Amino acid sequence: MSNFYLDNPALKHHLHHPLMRRIAELKERNYTDAENYDYAPVDFEDALDSYEKVMEVAGDVIGEVVAPNAEEVDHVGPSVVNNRVVYAPGTAENLKATTQAGLMGLSMPRRYEGLNLPMVAFIMASDMAARADAGFCNLWALQDCAETIYEFGDEAQKQKYIPRVCAGATMSMDLTEPDAGSDLQAVMLRATYDEANDCWRLNGVKRFITNGDSDIHLVLARSEEGTKDGRGLSMFIYDKNDGGVNVRRIENKMGIKGSPTCELTYKNVKAELCGSRKLGLIKYVMSLMNGARLGIMAQATGLSEAAYREAIAYAKDRKQFGKAIIEFPAVYEMIANIKAKLDGSRAILYETARFVDVYKILEDIEKERKLDENEKAELKKYKKLADAFTPLGKAMNTEYANQNTYDTIQIHGGSGFMKDYPCERYYRDARITNIYEGTTQLQVVAAIRHVLTGTYLSHWKEVYQQEKLDAKLHGLQNRVAHLVEIYEKLVPFVAETRNQPLIDFQARRLVEAAGNITLSYLLLSDANRDYEQFGSSAEVYVTLAEVEIAKIQKYITEFNPDNLKFYRQTEEQTEG
Amino acid sequence: MGFKIIVLAKQVPDTRNVGKDAMKEDGTVNRAALPAIFNPEDLNALEQALRLKDRYDGSTVTVLTMGPPRAEEIVREGLFRGADGGYLLTDRAFAGADTLATSYALSTAIKKIGDFDIIISGRQAIDGDTAQVGPQVAEKLGIPQITYAEEILSVENGKIKIKRRLERGVEVVESKLPMLVTVNGSAADCRPRNAKLLLRHKKGVAATEWSAADVNADPQQCGLSGSPTKVKAIESVVFQAKESKTLDSSDQAIEELIVELITNHTIG
């Protein structure tokens, strides 16, 4: 009997963050939905109670059904029969249970049969799902593609597709092709208008498509003949009921084995245009990807949670030299670091989700009525913060998930290398998180802009440094303030060289420093609200941050730009 | 076509997680110390009912329970999973009922509900383990009963077809409607709570409350006065190994053990 919400007090802590009052009020339009829907909340307390109740339902299904199935799903995996994906039996059971529990279309408005939950709640369910089975987390969380239809589709499409997703239809986003991975501008899948049948037709191949045999696909395709870049791409909706897309094969992967990764062939496939032509990549995919990145942050956090729990359980149980190995500093240090990185990951995950909530809901409200000046400013502020925090959090949390699952195996010793313990699965599953939906290297490209323009710095100064903390946290607060001083010198030190290759070279280090400081502040805030739960992690994390930033400082300030030549492999060097 | 289904469900102390304070000194069950739960096999029964509802459009599922006011939560749990409504029989007059008095009370409530096609209950409750209430209700209503059901296979042309789980196999039997079926724990688990239904029913009144007078029950046949069974004492029996023995895995050790077990009549 385990409930992944009730057994994890950190989730409740984040669900009760002060900003939730504003989020719920916006999401519920001042609780006016209650007039029309008997399951809509009447005030903030009612809304928060509803969020908790749904998290309990999710925690129950994930703890009781998804988690016990995870090992078998990992071993059996999906297969392809007659060009169709057949899920592992456990995966099929998970999908059925989550659908019966009404956990599809969580964030969709009630008029399309959704539960109208904020992004924070959706992300929390993903966080729990990933702790149980990271591969299943993908299948389930792809319901978020409905957000794209809601934001950009026409009314007929919303009415046609969103209620189906709420009733359990699965989704996929068909973006990647053999020659278009990180560089989606190179997408070639052809969309042509079929005058005779008054519809679009898709022809081509997609590759690495997660859950590629889903019921409803979002497809990025080239609608403008003769174009070569992103401006020639549009977004389409393919309904599996219309047929025409076949699964050629599924990949044999290192991890997330329950999640089928498909190669798809499109033969004269009927599709609907979603939104406007030519905005497929430059607007819709960008929006879709930001949502997906937040989802991967949650997945990474859930994996860190799973790793932490395995690490501590094993270390308490395993006895060597006459005592439990958790008694040894070499082991308890690793566990404390895992916990600190886990708590830090969760802090930035929910902080980002809250930013996304505020601005996305305001954007949605803007479609219904004009926003006043305050609301416009609020939207702008939170959109910018969401843009800044998403790549930063994605980079930090997914790298931490790798480190944490790695350390958990180390704590298990030889046993960790065997299939007998789930930590090897977590390790394999974590490995994709810092690759897909944009590698860490690409997150750095997105985040460095906010380092150079000062988004993070001003947010620390204007918000985090203004927070009134309990006296026992003042020492830590001062130490973090000192890190900010170092950071403030490092950024111009790099930027003012105006040496672009050098800036690109040092970008990752600057972004990591920004991540270390951000997580430190967020953990201070968490510890301020609940010292018992987060005090140790705040202490441990700030120490880690100091060490990392000292290293970064030394690297950046002592690096001779001329030495870039030693790093750069010229064609001459690589030829041999 | 749809069917009118009544699910009999009971709120029981969770005897699967019995702590030290599960029994009072006077030998009765300390209900305050045990969490109250939906009787597990009644959840299996509810699932069978909900499957019929999914399969046959227009079917309705009504939960009927008897107990103290807090047993309303059983009806609420039913609503969270897809039941349409429910009744709570609650009255001091019902207190202390044995299976005879319980089945009498339930049958009066069912008569009051009136129109029904199928009554589904769990095989037995984990607090009494009698497996008598379901069959007795069928007797009192004068309808056929099928016990130990594992799956309701179909309801077609006024006939219900049911797979029963017996000790040494399964059998498929048929009955005409209306009828009563009791469901085994080996049947499909109950579906999880549904988030939307939970939000819809989390507040407010879940069940229509009925007293003995509401269902025209004869007070003499209810509660303690209607119960010929008297509980003398309840004992908490804790199994514990007083002495243990370690065996090695050699053929000789196993043979000696077998001989010992045969000699002391444990086996053979």
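With the condition kept exactly as written, say whether any residue in region A:439-459 is assigned to a loop (DSSP other than H, G, I, E, B), under 22 Å from the mean Cα position of the chain (by Cα) and of a type outside the set (Lys, Arg). Among the residues of region A:439-459, at least one is assigned to a loop (DSSP other than H, G, I, E, B), under 22 Å from the mean Cα position of the chain (by Cα) and of a type outside the set (Lys, Arg), which makes the answer yes.
What about A:Val120, is it within 24 Å of A:Met173 (Cβ to Cβ), modelled with pLDDT of 95 or more, surrounded by 24 or more Cβ atoms within 10 Å (Cβ to Cβ) and β-branched (Val, Ile, Thr)?
The answer is yes for A:Val120.
Within region B:188-211, can you find the residues that are aliphatic (A, V, I, L, M), facing another protein chain (nearest Cβ under 9 Å) and over 24 Å from B:Leu89 (Cα atoms)?
Within region B:188-211, the subset aliphatic (A, V, I, L, M) is B:188, B:195, B:197-199, B:205-207.
From the residues that got through so far, the ones that are facing another protein chain (nearest Cβ under 9 Å) too are B:195, B:197-199.
Hits for region B:188-211 are B:Ala195, B:Leu199.
Yes or no, residue by residue, for (1) basic (Lys, Arg); (2) in a loop (DSSP other than H, G, I, E, B); (3) crowded, with 17+ Cβ neighbours inside 10 Å:
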| site | (1), (2), (3) |
| --- | --- |
| B:Arg16 | yes, no, no |
| B:Glu47 | no, no, yes |
| B:Asp54 | no, no, no |
| B:Gly58 | no, yes, no |
| B:Glu73 | no, no, yes |
| B:Ala83 | no, yes, yes |
| B:Ser107 | no, no, yes |
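Consider region B:123-142 and keep the residues that are out of contact with any strand residue (DSSP E or B) (no Cβ under 6 Å at 6 or more places or on another chain) and of a type in the set (Gly, Ala, Ser). The one that is farthest from B:Thr229 (Cα to Cα) is B:Gly142. The number of residues in region A:87-126 that are outside any loop (DSSP other than H, G, I, E, B), closer than 20 Å to A:Ile296 by Cα, away from every other protein chain (no Cβ under 11 Å) and out of contact with any Cys (no Cβ under 6 Å at 6 or more places or on another chain) comes to 8.
Anything in region A:5-60 that is within 14 Å of another protein chain (Cβ to nearest Cβ), assigned to a loop (DSSP other than H, G, I, E, B) and among the charged types (D, E, K, R)? List them, or say none. A:Glu28, A:Asp38, A:Asp43, listed by residue number.
Are any residues in region A:489-504 under 13 Å from A:Thr557 (Cα atoms) and part of a helix (DSSP H, G or I), and if so, which ones? Within region A:489-504, A:Lys489, A:Leu490, A:Val491, A:Pro492, A:Phe493, A:Val494, A:Ala495, A:Leu502, A:Ile503 meet the criteria.
Let's see how each residue does on (1) among the basic types (Lys, Arg); (2) within 24 Å of the chain's Cα centre (by Cα); (3) over 30 Å from A:Ser182 (Cβ atoms):
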{"residue": "A:Asn268", "(1), (2), (3)": "no, no, no"}
{"residue": "A:Arg277", "(1), (2), (3)": "yes, no, no"}
{"residue": "A:Ser287", "(1), (2), (3)": "no, yes, no"}
{"residue": "A:Ala300", "(1), (2), (3)": "no, yes, no"}
{"residue": "A:Lys316", "(1), (2), (3)": "yes, no, yes"}
{"residue": "A:Ile326", "(1), (2), (3)": "no, no, yes"}
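Of the residues in region A:153-171, at least one is in a strand (DSSP E or B) and touching a helix residue (DSSP H, G or I) at 6+ places or on another chain (Cβ under 8 Å).
Only a single criterion out of (1) assigned by TED's automatic domain parsing to the domain that holds A:Ala129; (2) surrounded by fewer than 24 Cβ atoms within 10 Å (Cβ to Cβ) is not satisfied by A:Asp242, namely (1). Regarding A:Glu571, is this residue surrounded by fewer than 16 Cβ atoms within 10 Å (Cβ to Cβ), modelled with pLDDT of 95 or more and in the same structural domain as A:Pro492 (by TED's automatic domain parsing)? For A:Glu571, the condition - surrounded by fewer than 16 Cβ atoms within 10 Å (Cβ to Cβ), modelled with pLDDT of 95 or more and in the same structural domain as A:Pro492 (by TED's automatic domain parsing) - is not met.
Look at region B:207-226: where a residue is surrounded by 16 or more Cβ atoms within 10 Å (Cβ to Cβ) and a partner is among the acidic types (Asp, Glu) and in a loop (DSSP other than H, G, I, E, B), sitting 6+ places away or on another chain with Cβ atoms under 7 Å, you get B:Ala212/B:Asp91. A:Ala446 fulfils the conditions (1) surrounded by 23 or more Cβ atoms within 10 Å (Cβ to Cβ); (2) on the phi < 0 side of the Ramachandran plot except for a single criterion, (1).
Of the residues A:Lys270, A:Lys341, A:Lys278, A:Lys316, which is of a type outside the set (Ser, Thr, Tyr), touching a helix residue (DSSP H, G or I) at 6+ places or on another chain (Cβ under 8 Å) and surrounded by 19 or more Cβ atoms within 10 Å (Cβ to Cβ)? Before you say what the answer is, go through the steps one by one.
Details: A:Lys270 fails: surrounded by 19 or more Cβ atoms within 10 Å (Cβ to Cβ); A:Lys278 fails: surrounded by 19 or more Cβ atoms within 10 Å (Cβ to Cβ); A:Lys316 fails: surrounded by 19 or more Cβ atoms within 10 Å (Cβ to Cβ).
Among A:Lys270, A:Lys341, A:Lys278, A:Lys316, only A:Lys341 is of a type outside the set (Ser, Thr, Tyr), touching a helix residue (DSSP H, G or I) at 6+ places or on another chain (Cβ under 8 Å) and surrounded by 19 or more Cβ atoms within 10 Å (Cβ to Cβ).
The set of residues in region A:84-98 being surrounded by fewer than 22 Cβ atoms within 10 Å (Cβ to Cβ) and within 17 Å of A:Asp213 (Cβ to Cβ) consists of A:Arg84, A:Val85, A:Val86, A:Pro89, A:Ala92, A:Leu95, A:Lys96.
Hey, could you check region A:76-86 for residues that are assigned to a loop (DSSP other than H, G, I, E, B) and touching a strand residue (DSSP E or B) at 6+ places or on another chain (Cβ under 6 Å) and say which is farthest from the other protein chains (Cβ to nearest Cβ)? Lay out the reasoning, then the answer.
Pass one, region A:76-86, residues assigned to a loop (DSSP other than H, G, I, E, B): A:77-78, A:82-83.
Filter again for touching a strand residue (DSSP E or B) at 6+ places or on another chain (Cβ under 6 Å), leaving A:78, A:83.
Values: A:Pro78: 23, A:Asn83: 30 Å.
That would be A:Asn83.
The values are calculated or read from the model by the stated rules, or taken from the named source; none is laboratory data. Predicted model, so just to flag it, every value in this text is computed and none were measured. Don't worry about glycine lacking a Cβ; one is built from the backbone with ideal geometry, like all the others, and counts go over all protein chains shown.
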